[in-house]
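Everything on this sheet refers to the single structure shown next.
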Amino acid sequence: MSVERKIMKVLNGDTVTPPPVWIMRQAGRYLPEYRATRSKANGFLDLCYTPDLAVEVTLQPIHRYELDAAILFSDILVVPDALKRGVRFVEGEGPRLDPIDADGIAKLDASGMHDHLVPVYETVRRLRAELPAETTLLGFCGAPWTVATYMIAGKGTPDQAPARLFGYRERAAMERLLDILADMSAEYLIRQLDEGADAVQVFDSWASVLEEETFEAFCVRPMKRIVDKVRSAKPDAKIIGFPKGAGTLYRDYRQKTGVDALGLDWTVPLSLAAELQKEGPVQGNLDPMRVIAGRDAIREGVDRILDALGNGPLIFNLGHGITPQADPEDVGYLVNRVRGQA
Ligand code: CP3
């Protein structure tokens with residue numbers, strides 16, 4: 001790579017000062033330009049599967065804030081959509097799928113997957129061509145456990161009780177589902193890397209609800225399967241793992257899965273984050289509510305993270321996705337504060 005992509009330097013273990021910054025869910029409803037493009041699409045999935053529109057919304061936060069990474073605009077649920085699980089987004093209610101049971105898992109057929117996902121691959125290719133050379137392009141997918149929680153409940157739930165219950169009652173079917181999703185996800189990420197993604201992030205947004213034993217079986221093991229499969233095709237692939245809410249199990253997760261960088265949620269104490277950073281790059285971890293609370297809360301939170309983690313390999317980010325209530329001007333302040341320009 002002739003141009004220096006700061007996030008790639010950090011993923012290689014270097015310290016970059018000030019740290020590079022991007023924002024989970026940076027292309028989204030808090031931006032008026034996103035809402036304008038969204039209204040042109042025939043629903044949310046259509047936005048994900050129309051490269052012209054997906055490229056446009058991916059680039060919107062880059063144009064506004066010159067962030068150090070663009071993340072492919074898509075959704076973790078395009079994978080179950082490729083498995084024909086009836087994915088739809090109901091306005092004001094979030095995602096809906098046809099709930100799956102053990103019989104449904106036995107009948108899953110991933111054979112048409114890449115055909116279904118061709119528009120996503122095209123979006124990645126066009127993004128790499130259109131992005132500034134210094135901007136890192138991130139691909140992503142959902143982790144098997146998090147995707148499985150939506151497939152089993154058929155919707156989002158407050159604590160993923162249906163999937164936890166299913167995991168105890170139907171352990172073999174659950175493991176089969178996680179293996180299928182891990183293999184599909186690895187292939188999906190390999191294709192994104194082939195089309196020009198520089199690195200990938202795997203979102204395990206619901207790692208927080210697992211106990212110690214199921215964390216190992218449903219989060220760590222499938223993630224290791226993904227990392228191993230991606231690296232066997234792409235030995236130099238850089239992978240960020242985000243097991244949200246993993247708490248004291250974060251260290252174990254990195255050691256056992258082999259991810260290059262850990263995405264930290266905002267509940268991770270900065271003292272623990274600094275310990276984890278001695279073992280490799282970290283990303284995070286500002287509470288998204290600080291962004292809503294305004295500039296004093298942003299300044300205080302940013303400065304604390306920079307004090308604790310700024311002298312090691314850090315990618316600055318929120319500790320989870322930005323919410324629709326964020327004021328785009330305050331997001332600009334956040335980025336400038338990280339860069340020592342506000
Ligand atoms: O970060 C980015 O800018 C890239 C795009 C991205 C989206 N979803 C777009 C989106 C990414 C990386 C995701 C990941 C995702 N999707 C996760 C994991 C990360 C996390 O936030 O926990 C999960 C669990 C999903 C599933 C999902 N998609 C839910 C639960 C919802 C509805 C909730 C909501 O915020 O409305 C979505 C919809 C969604 N995905 C939107 C966007 C911009 C909003 C849809 C809209 O425009 O109406």
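The values are calculated or read from the model by the stated rules, or taken from the named source; none is laboratory data. Quick caveat, the model's predicted, so the values are computed rather than measured. Cβ atoms come from the backbone with ideal geometry, glycine included; neighbour counts cover every protein chain shown. Just so you know, the surface numbers come from the protein's heavy atoms only, side chains and all, with ligands and any DNA or RNA stripped out. Shrake-Rupley method; radii C 1.70, N 1.55, O 1.52, S 1.80 Å.
Summary table
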item: Flagged links, alpha-carbon separation over 20 Å, of K107/K224; K256/K278; K84/K155; result: K107/K224
item: Distance between region 20-52 and region 176-223 - C-alpha centres, whole angstrom; result: 23 Å
item: Fraction of accessible area attributable to carbon and sulfur, region 6-338 (%, probe 1.4 Å); result: 47 percent
item: Accessible solvent surface per residue of region 56-104, calculated while the other protein chains remain in place, 1.4 angstrom probe, Å²; result: 41 Å²
item: About the Cα centre, charge dipole magnitude for region 6-338 (Lys/Arg +1, Asp/Glu -1 at Cβ), debye; result: 100 debye
item: Scattering profile of the chain at q = 0.13 Å⁻¹ [log10 I(q)/I(0), Debye over alpha-carbon scatterers]; result: -0.98
item: C-alpha center-to-center spacing [region 245-319, region 154-169] in angstrom; result: 27 Å
item: Percent antiparallel among DSSP beta bridges (both partners in the chain, rounded to 5); result: 15 percent
item: Sites matching GluC sites (Glu not before Pro) across region 126-216 that sit in DSSP coil, with at most 14 neighbouring C-beta atoms within 10 Å; result: E134, E211
item: Nitroxide proxy distance, nm - points 7 Å out along Cα→Cβ at N12 and K40; result: 3.8 nm
item: Label point distance in nm, E130-A102, each placed 7 Å from Cα along Cα→Cβ; result: 4.8 nm
item: MRE, 222 nm, helices only [DSSP H, n ≥ 4, -39500 (n - 2.57), over the chain, to nearest 500]; result: -14500 deg cm²/dmol
